[in-house]
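Report on the following structure.
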Amino acid sequence: VTCVEVVEAYVERIREVNPLINAVVKDRFEEALQEARQVDKLLSESPGNDYLEEKFPLLGVPITIKEAFSVHGMPNTSGLVNRRNVIATSDATVVSRLKQAGAIPLGVTNCSELCMWYESSNRVYGRTNNPYDLQRIVGGSSGGEGGVLAAACSVIGVGSDIGGSIRMPAFFNGVFGHKPTTGVVPNDGQFPNARGVRTSFLCTGPMCRYAEDLEPMLRVMAGPGVNKLKLNEKVSLEKIKFHCMDHDGGSIFVSPVDKEILQAQKKVVEHLEGKLGVQVRHVAIHKMKYSFQIWSAMMSSKDSDGQEAQLFTDLLADHGKPVWPLWELMKWLMGMSSHTLPAIALGLTEKLMKLNPGGNAKLVSMGKSLQEEMEALLGPDGVLLYPSHPIIAPRHHSPICMPFNFAYTAIFNVLGLPVTQCPLGLSSEGLPLGIQLVAASYNDHLTLAVARYLEQAFGGWILPGKV
């Protein structure tokens, strides 16, 4: 098939399903088709494809990109009403690298307001719906990306993750997502970008329907930084030391883990032990019970130079007047605020966090100690199996009742560990199940290899409506 035919097929698919899911918030179909014609011309004029394959590893592949990333000529609002007229005049570093590798962006996808909530809904573009059940969330903040991939509207996509923003949408939408080891893939060109201590927690990474696409995409996105990862090392699954933890130990802030998620994890353990002959060791890491508190304290801590973390309320005020969370809450109750309730609530929480500096210091210290414990546990050859989220894709608006459930993903951002989110079939209600695969720093190759194996064993991505 020609590249034009491929791009046309995906454009047609987006036009067919996007009115239902509202995942693509701005398309560039005309430009994409023009770029596809150039690819076909290049292929017809090239004497051999080996050179092209090396120079353009993603030649002609249709992609979508989270709207928080700059894509030349596309909006870059991050769901903030004050930024609704902002159009990107350049490409984010990862977008530029993917384009240079030959990929063709079809458009940009929805996110939560300022990328700090796990439901992708905002006052600029509205709400994105889960392709498996339109009454359910797609997750956030890379939720549009999760939904667009699950609905087969794109081949691969770009997400970012500071508390699970790649992995939660990948889990809720039954696709693959990878949060790389911290500091390998550049974060430049996204809004909001991390400052101060948060630069160590924010990760940009690949999302896709097929596990085998994670690695080539990660290679391109990481650029020269890919040398820090061991992607050329052959992985022997039988030699991996597998660890399993069923839940966080029972935090009072977080929901208990759903039975079907636990059953799916148990099946993975049984499969690994039965087919690979490995022993999966059950572990109980006590500090994981305080995941939300550790993440929260570390996110608001000072960096090594003493620089304060940027206030969320300052980000909300971008291109506008200062934002007072209590006043915004009053306005919201009267239907007059231009902000979403989760964003206002986060602004209020931030104010409260500042009232307890002593408690925060203890939690930061606990986080550093947990990081050492995890690195020692996993070592050069360990992989931890851990739930992606305590519940399966929730209904719209319900996350506001359990706002800290993202702790299951967030803890690994502050620990800096690589994590691959892997789908594990569907629940009794036809909603995606999944698991997080965690390794020690720079051992991304281990989790990617296990994800490829589990895809074969459990079927990977399932087209919505197929079952």
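The values are calculated or read from the model by the stated rules, or taken from the named source; none is laboratory data. None of the values given here were measured: they were computed from a predicted structure. Neighbour counts run over all protein chains shown; Cβ positions are idealised from the backbone, glycine included. To get the accessible areas, we keep the full protein, side chains included, count just its heavy atoms, and leave off ligands, DNA and RNA. Shrake-Rupley method; radii C 1.70, N 1.55, O 1.52, S 1.80 Å.
Numerical summary
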quantity	calculated
Qualifying residues in the range 359-383 (those that are within 25 Å of the chain's Cα centre (by Cα) and of a type in the set (D, E, K, R)) - the one farthest from ALA451 (Cα to Cα)	LYS368
Residue in the range 92-113 that is of a type in the set (D, E, K, R), surrounded by 18 or more Cβ atoms within 10 Å (Cβ to Cβ) and at pLDDT 95 or above present	yes
Residue in the range 123-130 that is among the hydroxyl-bearing types (Ser, Thr, Tyr) and touching a helix residue (DSSP H, G or I) at 6+ places or on another chain (Cβ under 6 Å) present	yes
Qualifying residues in the range 262-293 (those that are over 27 Å from the mean Cα position of the chain (by Cα) and free of Cβ contacts under 8 Å to residues at least 40 places away in the same chain) - the one least open to solvent (accessible area, probe 1.4 Å)	LEU276
Selection within the range 18-39 - buried (at least 18 other Cβ atoms within 10 Å of the Cβ) and on the phi < 0 side of the Ramachandran plot	ASN18, ILE21, ALA23, VAL24, VAL25, ASP27, ARG28, ALA32, GLU35, ALA36, VAL39
Residue within the range 214-227 that is part of a strand (DSSP E or B) and either under 22 Å from LEU415 (Cα atoms) or at pLDDT 95 or above (or both) present	no
Criterion: over 16 Å from the mean Cα position of the chain (by Cα) and surrounded by 24 or more Cβ atoms within 10 Å (Cβ to Cβ) - qualifying residue of LEU426, LEU446	LEU446
Given (1) under 29 Å from GLU16 (Cα atoms); (2) in contact with an Asp or Glu (Cβ under 9 Å, 6 or more places away or on another chain), index of the condition SER165 fails	(2)
Inter-residue pairs, beta-carbon under 9 Å, first without any contact (Cβ under 8 Å) to a residue 40 or more places away in the chain and in the range 446-457, second part of a helix (DSSP H, G or I), 6+ apart	GLN456/ALA211
Those helices (runs of 4 or more DSSP H) lying entirely in the range 1-83 with at least 3 residues among the small types (Gly, Ala, Ser)	29-45
Close pairs (9 angstrom Cβ cut-off, 6 or more residues apart or separate chains): within 13 Å of SER112 (Cα to Cα) in the range 14-25, among the β-branched types (Val, Ile, Thr) and open to solvent by 30 Å² or more (accessible area, probe 1.4 Å) anywhere	VAL25/VAL124
Residue in the range 216-234 that is farthest from PHE69 (Cα to Cα), counting only those that are touching a helix residue (DSSP H, G or I) at 6+ places or on another chain (Cβ under 6 Å) and crowded, with 20+ Cβ neighbours inside 10 Å	LEU229
Check on THR409, assigned to a helix (DSSP H, G or I), among the polar types (S, T, N, Q) and either touching a Phe, Trp or Tyr at 6+ places or on another chain (Cβ under 8 Å) or open to solvent by less than 10 Å² (accessible area, probe 1.4 Å) (or both)	yes
Among residues of the range 235-259, those that are open to solvent by less than 50 Å² (accessible area, probe 1.4 Å) and in a helix (DSSP H, G or I), counted	1
Complete set of residues in the range 370-381 that are in contact with a helix residue (DSSP H, G or I) (Cβ under 8 Å, 6 or more places away or on another chain) and either closer than 14 Å to PRO418 by Cβ or open to solvent by 40 Å² or more (accessible area, probe 1.4 Å) (or both)	GLN371, GLU373, MET374, ASP381
Selection from the range 139-162 of residues that are open to solvent by 10 Å² or more (accessible area, probe 1.4 Å) and either at pLDDT below 95 or within 18 Å of ILE411 (Cβ to Cβ) (or both)	ILE162
